[in-house]
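All remarks here apply to the structure that follows.
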Amino acid sequence: MLGENGILLLLLPILLLAQSDLHAQTRLDKATLAGGCFWCMEHPFENLEGVLDVVSGYTGGHEKDPIYEEVSSGQTGHVEAVQVIFDPSKITYSEILDLFWRQIDPTDPGGQFVDRGSQYRTVIFYYNEEQKALAEKSKADLDNSGVYDKPVVTEIIKASKFYQAEGYHQDYYKKNPMGYKQYRRGSGRDQYLTNVWKDKTRIEGSKKHNKRYKKLSEEELKKRLAPLQYKVTRENATERPFANEYWNSKKEGIYVDIASGEPLFISIDKYDSGTGWPSFSKPLEPENIVEIEDGTLFMKRTEVRSRHADSHLGHLFPDGPEPTGLRYCINSASLRFIQREDLEKEGYGAYKKMFEK
């Protein structure tokens, strides 16, 4: 009979093999991309399934250990960039490039939108010959696609040392969501991208990057939605406070658009505002939220709508809790709730990890 040591000796090769397979399965890769202001480049990539981290930083220049003030002056040779850490078994480098093109104006050699100068030019930094070839092909395909009237001028350069930017620049869209959205709109980036890609097939930068959310016809909406749901989402009605489905719900899960299914809010950010409607301190997916100035009822308010379904959701107010200070006051009738244990089977499994303590 084998003793304890003998059993361990027999199991050792199996354990080593399993450990080797685990390392192979978790091999990570990185992409470094410059697309103007790095605030605007973090969020789209962080929402891609298979991306583990996105870091803002500086690269491509001659100055060691640069700081923001030096880079923004244009004297260091560096550009603002993001470094994307991803799992190539879940998302390819080409898919990351595909999203990159949809965040920038690749025909502008002098910067991006309101940010001018070489420190804001667009660059793909490659780490090996495979990445270089894929980047060159991706650029050529875009150049020949007819999307732009001018040539694509984005540079493809061998990667050099990447310097992480200061902490206050990391995840700026989370720390200052209102300021981030105002900057994107004010810079002209959002308007430009919407105009260029509105009729094109695109990756939306969502957790399920291959999932499309479509606006249904009025006829389809009338068939699918209950009368109150239709009245709220299509006719901008407001349901009664304290008498709607989710105002007092404390269940764990996410809230999606009732018509399209696009992810909007998560229970983690839900709080009791005392108003009688579901209230959230921030969106789950900011790109799926559209904010519009609303001058009805003799007051200035900010209307909140969903991007893909164009559903009226509710209104945004600046009286929420810290750290955002925002209150997204939303009609239950515009939402469908998917509880935590059903996320996988409903196709939203990527959000499960957000509930891990």
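What follows draws every value from the coordinates through simple rules; no lab data is involved. Computed from a predicted structure; not experimentally measured. Here Cβ is always computed from backbone atoms with ideal geometry, including for glycine, and neighbour counts include all displayed protein chains.
Among Ser217, Ser72, Gly117, pick out the residue whose Cα is farthest towards the positive end of the charge dipole of the chain, where Lys and Arg carry +1 and Asp and Glu carry -1 on C-beta, about the Cα centre.
So the residue we want is Ser217.
So for Ile330, Ile104, fewest C-beta neighbours within 10 Å to most, what's the order?
Ile104, Ile330
Search the structure for amide H atoms under 5 Å from the amide H of Gly253, placed 1.01 Å from N in the peptide plane, and list their residues when 5 or more places away or on another chain.
Excluding prolines and chain starts, which carry no amide H, the hits are Ser267, Ile268, Arg340.
At 20 °C and 1.002 mPa s, what whole-number value in µm²/s does Stokes-Einstein give for the translational diffusion of the stretch 218-355, with Rh from the Kirkwood sum over Cα pairs?
Translational diffusion coefficient: 142 µm²/s.
Which of these, Val152, Val55, Val84, has the largest mean-square fluctuation under a Gaussian network model of the chain (Cα springs below 10 Å)?
Between Val152, Val55, Val84, it is Val152 that shows the largest mean-square fluctuation.
Let me make sure I get this right: for the stretch 26-197, a, b and c are the square roots of the gyration tensor eigenvalues over alpha carbons, sorted descending. Under 1.5 in a/c it's rounded, otherwise prolate if a/b > b/c, else oblate. Which is it?
rounded
Between beta-carbons, use under 14 Å as the cut-off and find the net charge around Gly74, counting Lys and Arg +1, Asp and Glu -1.
Net of charged neighbours comes to -3.
Within a Cβ distance under 15 Å of Glu322, other residues only, what is the Lys/Arg minus Asp/Glu net charge?
+2
Pick out, from Val51, Ser145, Pro106, the residue whose Cα sits farthest towards the positive end of the charge dipole of the chain, with +1 on the Cβ of Lys and Arg and -1 on the Cβ of Asp and Glu.
My answer, from the dipole projection, is Ser145.
From the helices alone, meaning DSSP H stretches of at least four residues, give me the mean residue ellipticity at 222 nm for the chain, per-run term -39500 (n - 2.57), in deg cm²/dmol to the nearest 500.
Mean residue ellipticity at 222 nm (helix-derived): -8000 deg cm²/dmol.
Helices from the chain with mean Kyte-Doolittle at least 0.0 and a Cα length along the axis of 20 Å or more, per DSSP H: which?
For the chain, where a helix must reach 20 Å along its axis and average at least 0.0, the hits are 4-25.
Calculate the translational D of the chain in whole µm² s⁻¹ from Stokes-Einstein, where the hydrodynamic radius comes from the Kirkwood formula applied to all Cα pairs, the temperature is 37 °C and the viscosity 0.692 mPa s.
The estimated diffusion coefficient comes to 145 µm²/s.
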